[in-house]
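A quick write-up on the structure given underneath.
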Amino acid sequence: MALVESIDIPLGTLIPSFELPDPDGKIYKSESLFGKKGLLVAFTCNHCPYAMAIWPRLVNLAVEAREIGVNTVGINPNIHPDYPEDAPSKMKTKIREWNITFPYLVDESQKTAKNFKAQCTPDLYLFDSAQKLVYHGRLDDHWQDEGKVTRQELKEAIQNLSRGKPISTDQKHSMGCSIKWK
């Protein structure tokens, strides 16, 4: 497991459009995933300890975000023969196990992850309704233990986005396992 951080991407960058399937083959287009206020894109996977630690928080945040007009999509770029636990069939199991209520998509070619310049799992991007990047950073200030979280930066950004308030530009990099590039 190689620890990697997300990289700086200029705020205001337009979302790279994508068209990806879920593990059952249903196709989703980026343009159709947006909520009234925006879209949270989470590059993640099933096996990385960093991703696994935040999955419950991400699932809960997605429910809250949807209620205020921000949809969520998960994208798994780790479709790699050396990581069978990230295979689409295993994604189906995790969708049920973790009660994931948003699309969890398969980026088998890894083109979408490359277009986003995603580096790690998790790598989190929040776009406004104009499809511009407003937040690219960590979920909160303690990836490992939800009980030790003192600042929920992504939740704050989503709430500010939904209320039309400024989003802090002091955004800390997400960190996690490196994407398993082919």
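The values are calculated or read from the model by the stated rules, or taken from the named source; none is laboratory data. Since we're looking at a predicted model, the values are computed, not measured. Here the Cβ positions follow ideal geometry from the backbone for every residue, glycine too, while neighbour counts run over all protein chains shown.
Take the residues in the stretch 4-30 that are among the polar types (S, T, N, Q) and either touching a Leu at 6+ places or on another chain (Cβ under 8 Å) or surrounded by 15 or more Cβ atoms within 10 Å (Cβ to Cβ) (or both), then tell me which one is nearest to L105 (Cα to Cα).
Looking at the filtered set, the residue picked out is S30.
Test each condition in (1) under 12 Å from the mean Cα position of the chain (by Cα); (2) surrounded by 22 or more Cβ atoms within 10 Å (Cβ to Cβ); (3) aliphatic (A, V, I, L, M) for A62 and report the one that comes out false.
Condition not satisfied by A62: (2).
Of the numbered conditions (1) touching a residue at least 40 places away in the same chain (Cβ under 8 Å); (2) surrounded by 16 or more Cβ atoms within 10 Å (Cβ to Cβ); (3) of a type outside the set (G, A, S), I68 fails exactly one; give the number of that condition.
(2)
Pick from D128, D140: which is under 16 Å from the mean Cα position of the chain (by Cα) and at pLDDT below 95?
On the way: D128 fails: at pLDDT below 95.
Checking each option against the conditions leaves just D140.
Just to be sure I understand the filter: pairs with C-beta atoms under 6 Å, separated by 6 or more residues or on different chains, first member in the stretch 124-148 and touching a residue at least 40 places away in the same chain (Cβ under 8 Å) and among the β-branched types (V, I, T), second member surrounded by fewer than 20 Cβ atoms within 10 Å (Cβ to Cβ) and part of a loop (DSSP other than H, G, I, E, B). Which pairs pass?
That search, which allows pairs on different chains as well, returns V134/I167.
Go through the stretch 55-69 and report how many residues are outside any loop (DSSP other than H, G, I, E, B), farther than 22 Å from Q119 by Cα and not aliphatic (A, V, I, L, M).
Residues flagged as outside any loop (DSSP other than H, G, I, E, B), farther than 22 Å from Q119 by Cα and not aliphatic (A, V, I, L, M) within the stretch 55-69 amount to 4.
Can you tell me which residue is nearest to L154 (Cα to Cα) among those in the stretch 9-25 that are free of Cβ contacts under 8 Å to residues at least 60 places away in the same chain and out of contact with any Phe, Trp or Tyr (no Cβ under 9 Å at 6 or more places or on another chain)? Walk me through how you get there before you give the answer.
Filtering the stretch 9-25 down to residues free of Cβ contacts under 8 Å to residues at least 60 places away in the same chain leaves 17, 19, 25.
With out of contact with any Phe, Trp or Tyr (no Cβ under 9 Å at 6 or more places or on another chain) added as a condition, the list becomes 17, 25.
On the way: S17: 22, G25: 30 Å.
The extreme case among them is S17.
Which of the residues belonging to the stretch 9-42 are within 22 Å of W181 (Cα to Cα) and either touching a Gly at 6+ places or on another chain (Cβ under 8 Å) or aliphatic (A, V, I, L, M) (or both)?
I9, I15, L20, V41, A42
It is to be established whether one or more residues within the stretch 159-173 are among the hydrophobic types (A, V, I, L, M, F, W, C), closer than 16 Å to T44 by Cα and crowded, with 16+ Cβ neighbours inside 10 Å. If you could, list the steps in order and put the result at the bottom.
Within the stretch 159-173, the first condition is being among the hydrophobic types (A, V, I, L, M, F, W, C), and the residues that meet it are 161, 167.
Retained after the next criterion (residues that are closer than 16 Å to T44 by Cα): none.
The answer is no, given that none of the residues of the stretch 159-173 is among the hydrophobic types (A, V, I, L, M, F, W, C), closer than 16 Å to T44 by Cα and crowded, with 16+ Cβ neighbours inside 10 Å.
If you take the residues of the stretch 12-34 that are in a loop (DSSP other than H, G, I, E, B) and within 12 Å of I75 (Cα to Cα), which of them is farthest from the chain's Cα centre (by Cα)?
First, the residues of the stretch 12-34 that are in a loop (DSSP other than H, G, I, E, B): 12-13, 15-18, 22-26, 34.
Pick out the ones that are also within 12 Å of I75 (Cα to Cα) and you get 18, 22-23.
Details: F18: 14, D22: 15, P23: 17 Å.
Looking at the filtered set, the residue picked out is P23.
Could you tell me whether the stretch 50-64 includes any residue that is of a type in the set (D, E, K, R) and closer than 25 Å to L3 by Cα?
Filtering the stretch 50-64 for residues of a type in the set (D, E, K, R) gives 57, 64.
Among the residues that remain, those that are also closer than 25 Å to L3 by Cα are: 57.
Scanning the stretch 50-64 turns up at least one residue that is of a type in the set (D, E, K, R) and closer than 25 Å to L3 by Cα.
Go over the candidates E156, E108 one by one and state the one that is out of contact with any strand residue (DSSP E or B) (no Cβ under 8 Å at 6 or more places or on another chain), within 20 Å of A65 (Cα to Cα) and not aliphatic (A, V, I, L, M). I'd like the intermediate steps shown before the answer.
On the way: E108 fails: within 20 Å of A65 (Cα to Cα).
Exactly one residue qualifies, and that residue is E156.
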